[in-house]
Amino acid sequence: MRRPVIAGNWKMHKTSHEAQEFIEKLAANLKGVEEADVIVAPAFTSLEAAVKAAQGSQIKIAAQNMHWENKGAYTGEISPAMLRDLGVTHCIIGHSERRQYFAETDHTVNKKVRAALDNEIIPIVCVGEILEEREKGDTFNVVEKQTKAALEGLTSTQVAELILAYEPVWAIGTGKTSSADDAQEVITKIREIIANDFGRESAGRVRIQYGGSVKPENIKGFMEQSDIDGALVGGASLEVDSFLKLINY
Ligand code: PGA
């Protein structure tokens, strides 16, 4: 039985003060909700306040990106060691917005995934096709290529312990969602790819989220699917009430 994992990706929203207030309110309202892992991914500038506000609660704090080196001449970058030092436990890696706007490639995703694991940070690895690829019937190929590349060189145990997020790019922030059946189909495919490369046990243990316009009104349909273990949520994670509804789906 895989434990559900609901994660909020705040993207470039909220100041450090707003993050602190949100997490304190969330923590106060989460008491008694123990059936799911809850992760919040604020901007870098809010991570320290977020970690402090989350102390003593079940909320884990994720970064939205990181560099693969622990230090060096990389102006403007943040290292896994710096995140770890703050108490950050997870990091979103390979989000489509980073692939689209910041030249993230399958190769850099793989380097970051390995670096995260070396620093005991759990990666939330994002894969997903763009609209044009879906329309051409290329979804499985794209997702297979991204998944294989992201996980290259990892051990079966490492794969079992990370989190994957299938996020069809055309569904992110657009209000369009994949149908729960379509999302289940792609996520089952991802599990098959992992079974082939890392064995049935890892494929059975790894948690795979769906992401892309998940809202309190539609999360249940996704969570009812046998292969979908959680959601990576952008817009609907920005208000405490809405995020709580997602956690209590
Ligand atoms: P959305 O974003 O929920 O606003 O579509 C999801 C994501 O980008 O992770």
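For GLY211, state whether it is touching a Gly at 6+ places or on another chain (Cβ under 9 Å) and among the small types (Gly, Ala, Ser). It is true that GLY211 is touching a Gly at 6+ places or on another chain (Cβ under 9 Å) and among the small types (Gly, Ala, Ser). The set of residues in region 217-229 that are among the small types (Gly, Ala, Ser) and within 14 Å of the ligand (Cβ to nearest atom) is empty.
Only residues that are open to solvent by 20 Å² or more (accessible area, probe 1.4 Å) and under 21 Å from ALA28 (Cα atoms): list them for region 54-98, please.
GLN55, GLY56, SER57, GLN58, LYS60, GLY87, THR89
So if I check each of SER237, SER242, which one is hydroxyl-bearing (Ser, Thr, Tyr), within 15 Å of the chain's Cα centre (by Cα) and open to solvent by less than 30 Å² (accessible area, probe 1.4 Å)? The unique qualifying residue is SER237. Beta carbons closer than 6 Å, at least 6 apart along the sequence or on distinct chains, pair a first residue in region 230-244 that is near the ligand (Cβ under 8 Å from one of its atoms) with a second that is assigned to a helix (DSSP H, G or I) and open to solvent by 10 Å² or more (accessible area, probe 1.4 Å) for ALA236/SER242.
In the condition set (1) over 23 Å from GLU18 (Cβ atoms); (2) over 14 Å from the mean Cα position of the chain (by Cα), VAL125 is compliant with all but (2).
Listed here are the residues, each with its yes/no results for (1) closer than 21 Å to THR147 by Cα; (2) surrounded by 17 or more Cβ atoms within 10 Å (Cβ to Cβ); (3) more than 15 Å from the ligand (Cβ to nearest atom).
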| site | (1), (2), (3) |
| --- | --- |
| GLY173 | no, no, no |
| LYS176 | no, no, no |
| VAL186 | yes, yes, yes |
| ASN196 | yes, no, yes |
| SER202 | yes, yes, yes |
| VAL206 | yes, yes, yes |
| GLN209 | yes, yes, no |
| GLY212 | yes, yes, no |
| LYS215 | no, no, no |
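Return a yes/no flag: does region 162-170 have any residue that is aromatic (Phe, Trp, Tyr), away from the ligand (no atom under 16 Å from the Cβ) and touching a residue at least 24 places away in the same chain (Cβ under 8 Å). It would help to see each step written out before you state the result.
So in region 162-170, the residues aromatic (Phe, Trp, Tyr) come out as 166, 170.
Those left that are additionally away from the ligand (no atom under 16 Å from the Cβ): none.
So far as region 162-170 goes, no, none of its residues is aromatic (Phe, Trp, Tyr), away from the ligand (no atom under 16 Å from the Cβ) and touching a residue at least 24 places away in the same chain (Cβ under 8 Å).
Among residues of region 108-136 that are in contact (Cβ under 8 Å) with a residue 60 or more places away in the chain and within 15 Å of ILE93 (Cβ to Cβ), those with a Cβ under 9 angstrom from a residue that is of a type in the set (A, V, I, L, M, F, W, C) and open to solvent by 20 Å² or more (accessible area, probe 1.4 Å), sequence gap 6+ or separate chain, pair up as VAL127/VAL142; GLY128/VAL142; GLY128/VAL169; GLY128/TRP170; GLY128/ILE172. When ALA19 is tested against (1) open to solvent by 80 Å² or more (accessible area, probe 1.4 Å); (2) in a helix (DSSP H, G or I), only condition (1) is not met.
The values are calculated or read from the model by the stated rules, or taken from the named source; none is laboratory data. Only a predicted model underlies this, so the values are computations on that prediction, with no experimental measurement involved. Glycine gets a Cβ as well: all are built from the backbone with ideal geometry, and neighbour counts include every protein chain shown. Note: accessible area is taken over every heavy atom of the protein model, side chains too, but ligands, DNA and RNA are not part of it. Shrake-Rupley method; radii C 1.70, N 1.55, O 1.52, S 1.80 Å.
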